[in-house]
Amino acid sequence: MKIQNQKKNKPAQLVLKLIIGAAIGFSFGFGITKMVKSNTKLTNSIETTLQQNCNCERIESGNSYTGIQFSKNDGISNTKLNFTLMNCDFTSSAEKEAKRLNDVLRDEVEDYDSVDFITFYFKSDMKNKTVKIKDGTIL
């Protein structure tokens with residue numbers, strides 16, 4: 001009798017495990033989808049603000065990373081964004097322009113404080129300059 005009861009419970013246990021697995025999978029998928037949409041919205045908002053406040057021919061958003069990252073050079077970060085600014089016209093240095101843009105973004109973009117690390121690539125025919133900003137400080 002004991003063996004028959006165990007055989008009857010196996011399908012019920014399997015169904016329960018499948019239901020729990022599906023619930024966990026749906027929750028995880030929902031969370032990832034929400035995070036990706038939020039990150040895309042933030043990146044688009046930053047790019048739009050840069051286009052409005054920058055005297056550049058073209059602005060391109062590069063790779064954006066969300067999640068914990070470890071880098072030997074840059075340290076630990078949670079959100080990392082890259083922007084290429086082509087043929088910009090500014091009178092100061094690239095570092096001062098990056099600082100100005102960082103201040104503008106901090107004032108105008110909602111949730112900009114969630115960005116841990118942002119890299120501006122200033123590219124022109126004459127020279128290329130990379131400026132990295134971590135937590136509001138130029139590296």
Fraction of antiparallel bridges per DSSP, the range 11-139 only, in percent to nearest 5: 75 percent
Calculated on alpha-carbon atoms, Rg and Dmax of the range 46-121 in Å: 12.6, 36
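Which FRET efficiency value, to the nearest 0.05, do you get for Arg58 and Phe28 by plugging their Cβ-Cβ distance into 1/(1 + (r/R0)^6) with R0 = 35 Å?
On the way: r = 37 Å, r/R0 = 1.07.
According to the calculation, E is roughly 0.40.
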Rounded to 10°, Cα long-axis angle of helix 94-108 versus longest principal axis of the chain: 50 degrees
By how many nm would the segment from Thr137 to Ser114 grow when fully extended, if each residue of separation counts as 0.36 nm and the alpha-carbon distance is taken off? 6.9 nm
Roughly how many whole Å is it from the C-alpha centroid of the range 44-87 to that of the range 105-135? 5 Å
Kirkwood hydrodynamic radius of the range 20-63 from all distinct Cα pairs, in Å? 12.6 Å
Theoretical FRET efficiency, 1/(1+(r/R0)^6), r = Cβ-Cβ of Lys37 and Lys72, R0 41 Å, to 0.05: 0.85
Fewest-first sequence of Val131, Val36, Val109, Val115 by Cβ atoms within 10 Å of each Cβ: Val36, Val109, Val131, Val115
Filter Lys72/Lys129; Lys37/Lys123; Lys72/Lys99; Lys41/Lys99; Lys37/Lys134; Lys34/Lys80 down to the pairs with a C-alpha to C-alpha distance above 27 Å, please. Lys37/Lys123
Sequence order, the range 77-88: Karplus ³J(HN,Hα) from phi using 6.51 cos²θ - 1.76 cosθ + 1.60, θ = phi - 60°, Hz rounded, Gly and Pro as x, gives 8, 9, 10, 10, 10, 10, 9, 9, 10, 8, 6, 7
Principal-axis tilt of helix 2-53 within the chain, Cα atoms, nearest 10 degrees: 10 degrees
In whole Å, what are the Cα extents of the range 2-138 along the three principal axes, biggest one first? 86, 31, 27
When only Cα pairs under 8 Å and 6 or more residues apart are kept, what is the percent relative contact order across the range 2-138? 20 percent
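No lab work stands behind these numbers, since they all come straight from the coordinates. Here the structure is a predicted model, which means the values were calculated and not measured. No Cβ is skipped: glycine too gets one built from the backbone with ideal geometry, and neighbour counts run over all protein chains shown.
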